[in-house]
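K.L.:
Pasting a structure below so you can have a look.
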Amino acid sequence: MPFEYAPAPESRSIVDIKASYGLFIDGEFVDGHGKSFKTISPSTEEVLAEVAEADEADVDAAVKAARKAYDKVWSKLPGRERAKYLYRIARIIQERSRELAVLESIDNGKPIKESRDVDIPIVAAHFFYYAGWADKLEYAGRGTDPQPLGVAGQIIPWNFPLLMLAWKIAPALACGNTVVLKPAETTPLTALLFAEICQQADLPPGVVNIITGAGGTGQALVAHRGIDKVAFTGSTEVGKAIARTVAGTDKKVTLELGGKAANIVFDDAPLDQAVEGIVTGIFFNQGHVCCAGSRLLVQESVAEELLARLKRRMSTLRVGDPLDKNTDIGAINSAEQLARIRELSAIGEAEGAGRWSPECELPTTGFWFPPTLFTDVTQAHRIAREEIFGPVLSVLTFRTPSEAVEKANNTPYGLSAGVWTEKGSRILSMANQLRAGVVWANTFNKFDPTSPFGGFKESGYGREGGRHGLEAYLK
Amino acid sequence: MSDRIDVRKTYKLYIGGAFPRSESAYSYEVRDSRGAFVANAALASRKDARDAVVAARKAFGSWSARTAYNRAQILYRIAEVLEDRRPQFVQAVVQSEGLSSSKAEKVVDAAVDRLVWYAGWADKITQVLGSANPVAGPFFNLSTPEPTGVVAVLAPQESSLLGLISVVAPVIVTGNTVVVVSSYDRPLPAVNLAEVLATSDVPGGVVNLLTGSAATVAPWLAAHMDVNAIDLTGVVGDAALATELEVAAADNLKRVRRAPAVEPDWSADPGLEPMTTFLEIKTVWHPIGV
Amino acid sequence: MTATPTILGSGLDEVTRSEASLRQFLHGLPGVDQVGAEARAAGLGTRSIKTTAKAYALDLAIRMVDLTTLEGADTPGKVRALASKAMRPDPADPDCPSVAAVCVYPDMVATVRETLGGSGVHIAAVATAFPSGRAALDIKLADTADAVEAGADEIDMVIDRGAFLSGRYQQVYDEIVAVKAACARADGPSAHLKVIFETGELQTYDNVRRVSWLAMMAGADFIKTSTGKVQPAATLPVTMIMLEAVRDFREQTGRMIGVKPAGGIRTSKDAIKYLVMVNEVAGPDWLDPDWFRFGASTLLNDLLMQRTKMTTGRYSGPDYFTLD
């Protein structure tokens, strides 16, 4: 008799989703002038709430509130006092971590074990880390009197909704800026809950403003004359549009965009850990990760053995209910994203790559895609070049270290890379040659508030995290 | 009075360590500050810009892989050779900028000193900008700055030597390679500098120097998909061109150093910003275990 | 030295020809990254096993227990009581399965045999100068033969860690082969051989992987983490490395080897984590007392308490289970 894991759902009774949400401007939830849109649970397609879509007037109101808060309150507050607000927020996030994790999994579709063990703990840690910087900025290596920029317009994606919010808001506030943040249209709920947390923390009104909406709202925010800074995480295409929009202005910009990371496995790698790293690299968060290890480059001499191990491991991945504590792969975030993953996968097959997925039953409602790998992929295949942003791995082979470097760097992106080998000097040599902002050696997809994150080339510019992350919010 | 006819120098471009004429075979008249004809300078074309980018890309791998100590010595060597040719550069600055000899001497001295200053940064910038990050887990985690790649630089129009040095040195000292478009009206110091570079152990292609019109060449550089960054310092006062170039630069998300409102005071302490704009922070993780 | 017949034809017979080839093979096995291995083990430990799955896991865990007493103060009375408990762990519940085996010192084997009779519960004896293994080979073999003769179904031997750590792999290999031979019984099937590594003394996961292969090639039926006398004893990551080894060994030779973590596993929660690991690392084929055991003493009572909680719906207490 097989060992069948019984359903182990996390209770959703801890979250209280309202029927509709307004915009969080100047410390209050207000009705928007614009229309509204629905946010759904991608695992069930159930409508969760009606959310206001901020129009230009709403954006203007939010920017004005942020400006007023900046001029009158936040820029005048000593760093040590700003720090205490951020510490408070970090603590409330820890206290309400279960609620935040459940809500994130419902709205985003990611497995509860990830929102619980990865997203929310790092969110709290990020606020805690930057809180401590607020009164130490003169030691950050940017001169003795670093100054905030003013009002930051921040736009975040749907893959790590609250985590990306933390990466944006924590350093901005620590440096003395105020913010207007727009969460992604498919995942607004944890940002709105964060607004409530700001209220609980008695954060002065206008320091954080959360406006919901889609691309149009984001464009209005980026183009608004009243902001001094744009911080964006999302697609390279939108990143380029933002760079064009701010051209000729004084707005400071940081962009954290797409990637097509190579995960390079040498024949002397710790193979079982490499398999884990490959799995974490591409199946973590359904592959909705800009730094995902979406290209496996494996040395030919060990390719067959590694693939056998990888396939066996993939067969143990559990796809399903995001709230089940044993789920490894949750729902694809939206119908639109699912369509893109399907399209690119079909192209992979049409271009002659070998498609494989383990047997796995997918739920009938919601958006689902099985963990998938493509073998016999070449650099010329579209699935080796384009970001799929889903649980789809392209497997390529190489023979020599220089070939591995060439293939790894042969992409317009440069966000991350992985190297697996037991030979120390080779790791350092590879790390030197890989044109990527983060190199994970014998590990993958690790994140920490102290560790700067960001890309080379078309993966964007600027860094988030660590001392380097302060640079984005200081002059 | 001698009846000997003096031998005039032909002013050419400097690309990949060689001194080609413009591929277009165009040139333009260079006049001194009082309007007297000095020489014909090569008018760089878009194809010259393209060739320069190819040369810069080719040189990038080995230049960025050199030790910081070696790059420091090479920049210091440039300073030595420049100092050695001081009279020639003083004359070029006098001719180009219309300064008195004594003021021109100060400019040349400042240019030499700036090179020395940047030479010293080669093996220190990593220590100043890098960090060991105490992540909450059993991982070694180190961040270090790395060169962005091929950088296009539009050199200042007025400060033809000190300004030029001040925008080129910070780019190459960290391991980038550069395609620089010199001052249109004042190209002589740039052309002379190319000769210094060619005799200062600077590998061919690390600095590629184009004389000519930024308005003509810069859009090609700004839109070039194999250029990683662009410094718009030279387009002071032309907001429309600066914006156009920044928009074009977005095609491959070049790092952009925006044009200042007015040409900077080049005698001021440059700070780190001229270097940091063209650096990428790379963070490497590795487990700590037995 | 002759290669053991079990690995003939698998390509591994060449490996055991000489000290040099053994070393080359063992050091050519893929390395183990400590941090990655521990993270994977911890990740498996977050599986949530509830309701029907938990009931299944608890019963399976009980059936996998090698109920153990290895004290200088052991007496016939004590081991008889233990053997009784092994057969009927929960006297109040006839549906409660019996454990896999009783594990004692060789001198207690005959006593246990009397109590267990034909119950199907096996007798395991620790032999070969347990726990240190510091004795001459002939003494270790005599120790083994005694236990087999007294009726042990399973022999838990210890390897010579000193020899292993100083790189004398051939010596360790030969000793296992010799003990395996001493497990033979003229009048019936050989006793099964469990080889104890004392992983707490081997320090690295690379060593655990190497010694696992060494023992499997030498003819071990089971590989076992620890004596219980050295800390750390069994851990999830060490067991995972061993499960990977038996998985890969079967892949290469077609032969299945059992795994036994021993020492330090005290709670049902821990035991279930091990079962999840067996399921997902080695595979469901190993979810059987023939292929996976827990070397434990106090674990059994916690399994019984949890089992009672599942059936009655309320938490039980130690007063309701026997102390043996």
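Throughout, read-outs are computed from the coordinates displayed, never taken from laboratory work. Quantities reported herein were computed from a predicted structural model and do not represent experimental measurements. Positions of Cβ are generated from backbone atoms using ideal geometry, with glycine treated the same way; all protein chains shown enter the neighbour counts.
K.L.:
The range B:9-59: which trypsin sites (Lys or Arg not before Pro) are DSSP loop and have at most 13 other beta-carbon atoms within 10 angstrom?
P.N.:
B:Lys9, B:Arg34
K.L.:
What net charge is computed for the residues neighbouring C:Ala215, neighbours being all others with C-beta under 13 Å from the C-beta of C:Ala215, Lys and Arg scored +1, Asp and Glu -1?
P.N.:
That sum, taken over residues with Cβ under 13 Å, equals +2.
K.L.:
Moving on. With labels modelled as points extended 7 Å from the Cα through the Cβ direction, what inter-label distance (nm, one decimal) is found for A:Asp376 paired with A:Ser301?
P.N.:
My value for the distance between the label points is 2.5 nm.
K.L.:
Ignoring everything except DSSP H segments at least 4 long, calculate the 222 nm mean residue ellipticity for chain B; use -39,500 (n - 2.57) per segment, divide by total residues, nearest 500.
P.N.:
That calculation yields -13500 deg cm²/dmol at 222 nm.
K.L.:
Give the whole-number value, in cubic angstrom per residue, of the convex hull volume spanned by the C-alpha atoms of the protein assembly as shown.
P.N.:
192
K.L.:
Using a Gaussian network model of chain B whose springs link C-alpha atoms within less than 10 Å, name the residue from B:Val153, B:Val181, B:Val135 with the highest mean-square fluctuation.
P.N.:
Evaluated over chain B, the most mobile residue of the options is B:Val135.
K.L.:
Please list log₁₀ I(q)/I(0) at q = 0.09, 0.16, 0.17 Å⁻¹ for the range B:142-287, using the Debye equation with identical point scatterers on the alpha-carbon positions.
P.N.:
Calculated log10 I(q)/I(0) at the listed q: -0.26, -0.81, -0.92.
K.L.:
Kirkwood hydrodynamic radius of the range A:245-360 from all distinct Cα pairs, in Å? Could you put the intermediate results ahead of the total?
P.N.:
Values: mean 1/r = 0.0606 Å⁻¹.
Across the range A:245-360, the inverse of the average 1/r is 16.5 Å.
K.L.:
Which residues does the label zone of A:Thr365 cover in the range A:23-49, counting backbone N under 19 Å from a point 7 Å along Cα→Cβ?
P.N.:
A:38-49
K.L.:
Lys and Arg at +1, Asp and Glu at -1: add these up for the other residues within a Cβ distance under 9 Å of A:Thr365 and post the number.
P.N.:
Spelling it out: positives minus negatives among the neighbours equals -2.
K.L.:
Another one. At R0 = 60 Å, how high is the FRET efficiency between A:Val30 and B:Tyr69 if r is their beta carbon distance? Nearest 0.05 is fine.
P.N.:
0.50
K.L.:
Quick one: angle between helix C:76-87 and the longest Cα principal axis of chain C, in degrees between 0 and 90, rounded to 10, please.
P.N.:
80
K.L.:
Something else now. Anyone know which of C:Val15, C:Val99, C:Val109 comes out most mobile in the 10 Å Cα GNM of chain C?
P.N.:
In the Gaussian network model the winner is C:Val15.
K.L.:
A follow-up question, please. Mind listing which trypsin sites (Lys or Arg not before Pro) in the range A:376-425 are in a DSSP loop and have 11 or fewer other Cβ atoms within 10 Å? Spell out each step's value before the answer.
P.N.:
Details: sites: A:Arg382, A:Arg385, A:Arg399, A:Lys407, A:Lys423; in loops: A:Arg399, A:Lys423.
Answer in residue order: A:Arg399.
K.L.:
Taking the number of other C-beta atoms within 10 Å as the exposure measure, put A:Cys290, A:Cys360 in order starting with the fewest.
P.N.:
The order, fewest Cβ neighbours first, is A:Cys360, A:Cys290.
K.L.:
Count the DSSP beta bridges whose two residues both fall in the range C:5-312, then state the antiparallel fraction as a percent rounded to the nearest 5.
P.N.:
Working: 1 of 28 bridges.
Of the beta bridges lying entirely in the range C:5-312, close to 5 percent run antiparallel.
K.L.:
Assuming a viscosity of 1.567 mPa s and a temperature of 4 °C, what translational diffusion coefficient in µm² per second does Stokes-Einstein assign to the range B:34-159, Rh being the Kirkwood radius over Cα pairs? Walk me through the numbers before you get to the answer.
P.N.:
Working: Rh = 18.2 Å.
In µm²/s, the coefficient rounds to 71.
K.L.:
Using a simple spin-label model with points 7 Å from Cα along the Cα→Cβ vector, what separation in nm is obtained for C:Thr75 and C:Tyr315?
P.N.:
Going from the C:Thr75 label point to the C:Tyr315 one covers 3.5 nm.
K.L.:
Return the percentage of antiparallel bridges among DSSP beta bridges fully within chain B, rounded to the nearest 5 %. Don't skip to the end; give the middle numbers.
P.N.:
Details: 18 of 34 bridges.
Expressed as a percentage, antiparallel bridges in chain B total about 55.
K.L.:
Then there is this: Between A:Ala57 and B:Phe140, what is the label-point separation in nm under the 7 Å Cα-to-beta-carbon projection?
P.N.:
Inter-label distance under the simple model: 6.0 nm.
K.L.:
Of B:Lys9/B:Lys254; A:Lys252/B:Lys254; A:Lys252/B:Lys106; C:Lys180/C:Lys269; A:Lys457/B:Lys47; A:Lys407/B:Lys58, which ones are farther than 26 Å apart at the Cα? Walk me through the intermediate numbers first.
P.N.:
Working: B:Lys9/B:Lys254 37 Å; A:Lys252/B:Lys254 14 Å; A:Lys252/B:Lys106 35 Å; C:Lys180/C:Lys269 34 Å; A:Lys457/B:Lys47 24 Å; A:Lys407/B:Lys58 17 Å.
As for pairs spanning more than 26 Å Cα to Cα, those are B:Lys9/B:Lys254; A:Lys252/B:Lys106; C:Lys180/C:Lys269.
K.L.:
Using Stokes-Einstein with the Kirkwood hydrodynamic radius over Cα pairs, what translational diffusion coefficient do you get for the range A:262-441 at 37 °C and a viscosity of 0.692 mPa s, in µm²/s rounded to a whole number? Write down the numbers at each step before the final one.
P.N.:
On the way: Rh = 16.3 Å.
My calculation gives 201 µm²/s for D.
K.L.:
Here's something else I'd like to know. Between C:Ala20 and C:Asp138, what length comes free when the chain is fully extended (0.36 nm per residue of separation minus the Cα-Cα distance, one decimal in nm)?
P.N.:
Full extension of this stretch gives 39.9 nm more.
K.L.:
Quick check: convex hull over the Cα atoms of the range A:313-359, volume per residue in Å³, rounded to an integer?
P.N.:
Cα convex hull per residue, to the nearest whole number: 77 Å³.
K.L.:
Got the relative contact order for the range C:5-312 handy, in percent, Cα pairs under 8 Å and 6 or more residues apart?
P.N.:
Relative contact order for the range C:5-312 comes out at 20 percent.
K.L.:
Please say if the range C:90-142 is rounded, prolate or oblate, where rounded means a/c under 1.5 for a ≥ b ≥ c the square roots of the C-alpha gyration tensor eigenvalues, and otherwise the choice is prolate for a/b larger than b/c and oblate otherwise?
P.N.:
Prolate is the answer for the range C:90-142, as a/c is 1.5 or above and a/b outweighs b/c.
K.L.:
Further question on the same structure: Quick one: of the DSSP bridges fully inside the range A:262-441, what percent are antiparallel, nearest 5?
P.N.:
Details: 3 of 24 bridges.
That works out to approximately 10 percent antiparallel.
K.L.:
Is the C-alpha gyration tensor of the range C:5-312 telling us rounded, prolate or oblate? Criteria: a/c under 1.5 is rounded; beyond that, a/b larger than b/c is prolate, otherwise oblate.
P.N.:
oblate
K.L.:
Would any residue of the range C:168-210 have its amide N under 17 Å from a label point 7 Å out along Cα→Cβ of A:Glu422? List them or say none.
P.N.:
It comes to C:168-169, C:202-210, nothing else.
K.L.:
In vacuum, with every alpha carbon of chain A counted as one equal point scatterer, what does the Debye formula give for log10 I(q)/I(0) at q = 0.06 Å⁻¹? Two decimals, please.
P.N.:
-0.25
K.L.:
Sticking with this one: Using a/c under 1.5 as the rounded threshold, could you call the range B:15-106 rounded, prolate or oblate? The axes a ≥ b ≥ c are square roots of the C-alpha gyration tensor eigenvalues, and prolate needs a/b larger than b/c, oblate otherwise.
P.N.:
oblate
K.L.:
Ok, one more. Post the alpha-carbon centroid distance, the range B:195-270 to the range C:263-309, in whole angstrom.
P.N.:
Centre-to-centre (Cα) distance: 67 Å.
K.L.:
Measure nothing but the geometry: give the 0 to 90° angle between the long axis through the Cα atoms of C:236-253 and the longest principal axis through the Cα atoms of chain C, rounded to 10°.
P.N.:
That works out to roughly 60 degrees.
K.L.:
Neighbouring Cβ atoms within 10 Å as the yardstick, rank A:Glu45, B:Glu195 fewest first. Intermediate values should be presented prior to the final figure.
P.N.:
Working: A:Glu45 12, B:Glu195 15.
Ordered from fewest to most neighbouring Cβ atoms within 10 Å, A:Glu45, B:Glu195 come out as A:Glu45, B:Glu195.
K.L.:
I would also like to ask the following. Averaged over all directions, how much area does the convex hull of the C-alpha atoms of the range C:1-140 cover when projected, in nm²?
P.N.:
Its average projected convex-hull area is 13.9 nm².
K.L.:
While we're looking at this one, here's another question. Between B:Asn141, B:Asn228, B:Asn176, find the one with the highest GNM mean-square fluctuation for chain B; connect C-alpha pairs within less than 10 Å.
P.N.:
B:Asn141
K.L.:
Helix B:188-198 versus the longest principal axis of chain B: what angle, 0 to 90°, nearest 10, using Cα atoms?
P.N.:
With rounding to tens, the tilt is 50 degrees.
K.L.:
Just add up the charged neighbours of A:Phe374: K/R +1, D/E -1, any other residue whose Cβ is under 15 Å from the Cβ of A:Phe374.
P.N.:
+1
K.L.:
Moving to a separate point now. Just the Kirkwood number for the range B:27-287, please: inverse of mean 1/r across all distinct Cα pairs, in Å, one decimal.
P.N.:
One over the average 1/r among Cα pairs gives 18.6 Å for the range B:27-287.
K.L.:
Could you give the alpha-carbon Rg of the range A:361-454 over 2.2 N^0.38 Å, rounded to two decimals?
P.N.:
So the Cα radius of gyration is 1.26 times the expected 2.2 N^0.38 Å.
K.L.:
Using the Kirkwood formula over every pair of different C-alpha atoms, what hydrodynamic radius in Å results for the range A:66-156? Walk me through the numbers before you get to the answer.
P.N.:
Numbers: mean 1/r = 0.0667 Å⁻¹.
Computed over Cα pairs of the range A:66-156, the Kirkwood hydrodynamic radius comes out at 15.0 Å.
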